[in-house]
Amino acid sequence: MEAIILAGGFGTRLRPLTYTRAKSLLPILNKPMITYLINMLPDKVDKVILAVNYRKKQIEDYFKKNDFGMKIIVNDEPKPLGTGGAVKFAERYITDSFFVLNSDIICSLNLDEMIKFHMKNNAVSTISLWPVDNVSEFGVADVRDDGNIIGFVEKPKPEDAPSDFINAGAYFLEPEILDYIETGRLVSMEKEIFPKIIKDTGRFFGHKFEGYWMDIGRISSYKEAHNFLLEKQGINNYQGDNCEIKGSLRKSCIGNNVHIGKNSKLESTIVYDNAIIGENVVLSGCIIGENSKIGSFSSIKNSVLGDNEKLADNSNINERIVWTQPTPEGYPDKQIGNVIEQ
Ligand code: GDD
Ligand code: MG
């Protein structure tokens, strides 16, 4: 069985972290977020198609170095084709019913249960559903009690939302849905294809599940995911290899080869590999990029430092994104794709 993981897109809401790496490789407790999805796949999935474009090489390199015991195909789109276009572009690898997963979710969804639900309903398309309060940031389903979805609207205004159940970003689909997607152009699965399938077939279903679900689409949710997983695992901090930590940590996650000077205090902070943090530094609610350096006696709160950034001694920073390097070529200056209408 095949699974397509949608791992393209620039991840603009996660700037500056995504200036230097693919969104799906952003570490969560020091492991690329895409590995959480791969580990969630049922045993019957033996082929994973990674739908990629931006930072394709990084993704390819990661999977060359790390074996997950299944065939992994990196399917490079010549240009971003959107969530639907990327699925169509993987058509040649699809042999039967298949999964499609957004690469930026972490959840307790059981995909075997989802297949059972799909079969029981004789569905052509089953999507996972999760209840939220802030529906406007997501795709929202008009779902009946028996799970039949009779309407779908992507990022509606709150007053137009048909329910509190949002698309949790995991689909189980029959191959015939590929016929709904035009080849070679930017197509949104959520905006264009889902409404068409609902209208044409009436066999579009929503699978609700219990446990937890997180979308790691923005800096705030990226930080929340760390907090949640630390708590879930019942640990206070997470630490990589070869670190030298002379200060103190609270609810923080530290990568490999990180140095933290004496009397420094880190709270709810994520530090990437090879970062050097001086003495008497206070970091709270921060993300500190790879190879970055923070001078002694600095105080940084609720801020994100991109990779390779350096801050002098006595820096005082609050609620800022620190990026002093050129924006990578081709990186958009605004979000593209399924944007929230203002
Ligand atoms: N290959 C490829 N090509 N992948 C893409 C492209 C593209 O052009 N554009 C986006 N993706 C990938 C993203 O990397 C992500 O894994 C997934 O497709 C969804 O795109 P996002 O940009 O993250 O969409 P979103 O978070 O605003 O909304 C989506 O996810 C929500 C749940 O997290 C939608 O599917 C919503 O309906 C859903 O509720
Ligand atoms: Mg997303």
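Each reported figure results from applying straightforward, stated rules to the coordinates on display, with no laboratory input. Source: prediction; values computed, not measured. FYI the Cβ positions are ideal-geometry reconstructions off the backbone, even for glycines, and counts take in every protein chain you see.
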* Debye, to nearest 20: dipole size of segment 144-285, +1 on Lys, Arg Cβ, -1 on Asp, Glu Cβ -> 600
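Report the extension gain between Ala312 and Glu279 in nm, rounded to one decimal, defined as 0.36 nm multiplied by the number of residues separating them, less their alpha carbon distance.
10.7 nm
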* Asked: Among the DSSP beta bridges whose two residues both lie in segment 40-178, what percent are antiparallel, rounded to the nearest 5?
  -> 70
* Mean ellipticity per residue at 222 nm, deg cm²/dmol - from DSSP H runs of n ≥ 4 across the chain, formula -39500 (n - 2.57) -> -5000 deg cm²/dmol
* To do: Please work out the ratio of the alpha-carbon Rg of segment 59-185 to 2.2 N^0.38 Å and round it to two decimals.
  => 1.16
* Structure fact -> Any lysines whose Cα falls less than 19 Å from that of Lys265, other than same-chain ones fewer than 8 residues away, would be Lys223, Lys246, Lys251, Lys293, Lys301, Lys310
* Asked: Distance from the Cα centre of segment 140-155 to that of segment 283-298, in angstrom?
  -> 44
* To do: Note down, for segment 235-296, the three equivalent ellipsoid semi-axes (square root of 5 times each alpha carbon gyration tensor eigenvalue), biggest first, whole angstrom.
  => 14, 13, 11
* Asked: When the Cα atoms of segment 208-342 are enclosed in a convex hull and the volume is divided per residue, what value in Å³ results?
  -> 134
* Asked: Treating the beta-carbon of each Lys and Arg as +1 and of each Asp and Glu as -1, no other charges, what is the dipole magnitude of the chain about its Cα centre, to the nearest 20 debye?
  -> 840
* Could you estimate the translational diffusion coefficient of segment 281-329 from the Stokes-Einstein equation, with Rh from the Kirkwood formula over C-alpha pairs, at 37 °C and 0.692 mPa s, in whole µm²/s? => 305
* Once amide H atoms are placed 1.01 Å from N in the peptide plane, what residues at a sequence separation of 5 or more from Lys155, or on another chain, have their amide H within under 5 Å of its amide H? -> Phe138, Gly139, Val140
* Kindly state, to the nearest 0.05, the FRET efficiency for Thr95 paired with Lys196, given R0 = 25 Å and r defined as their beta-carbon distance. => 0.60
* Structure fact -> Long-range amide H partners of Asn257, meaning residues 5 or more apart or on another chain whose placed amide H is closer than 5 Å, are Asp241, Asn242, Cys243, Asn274
* Lys65: which lysines have alpha carbons under 21 Å from its alpha carbon, excluding same-chain residues fewer than 8 sequence positions away? -> Lys23, Lys31, Lys47, Lys56, Lys57
* **Lys/Arg +1, Asp/Glu -1 at C-beta; segment 2-219 dipole; positive extreme among Thr20, Pro158, Ala170** => Thr20
* Structure fact -> Once the dipole of the chain is set up from charges on Cβ (+1 Lys and Arg, -1 Asp and Glu), the residue from the list Gly139, Gly295, Leu305 lying farthest towards its positive end is Gly295
* DSSP beta bridges in segment 1-70, what fraction antiparallel, as a percent rounded to 5? -> 25
* Asked: So what are the radius of gyration and Dmax for the Cα set of the chain, in Å?
  -> 20.9, 65
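Under the 0.36 nm per residue contour assumption, what length would be gained going from the current alpha-carbon distance of Ile235 and Lys71 to full extension?
Working: separation 164, 0.36 × 164 = 59.04 nm, distance 3.36 nm.
Contour length minus the Cα-Cα distance gives 55.7 nm.
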* Structure fact -> Residues meeting the amide H criterion for Gly9 (H placed from the backbone, H to H distance under 5 Å, 5 or more places apart or on another chain) are Asn53, Tyr54
* Asked: Residue-wise, which Karplus ³J(HN,Hα) couplings in Hz belong to segment 186-199, taking 6.51 cos²θ - 1.76 cosθ + 1.60, θ = phi - 60°, and x for glycine or proline?
  -> 5, 10, 8, 4, 6, 7, 9, 7, 4, x, 5, 4, 4, 5
* If contacts are Cα pairs under 8 angstrom and at least 6 residues apart, what is the relative contact order of segment 100-200 in percent? -> 31
* To do: Calculate how many DSSP beta bridges within the chain are antiparallel, expressed in % of all such bridges and rounded to the nearest 5.
  => 30
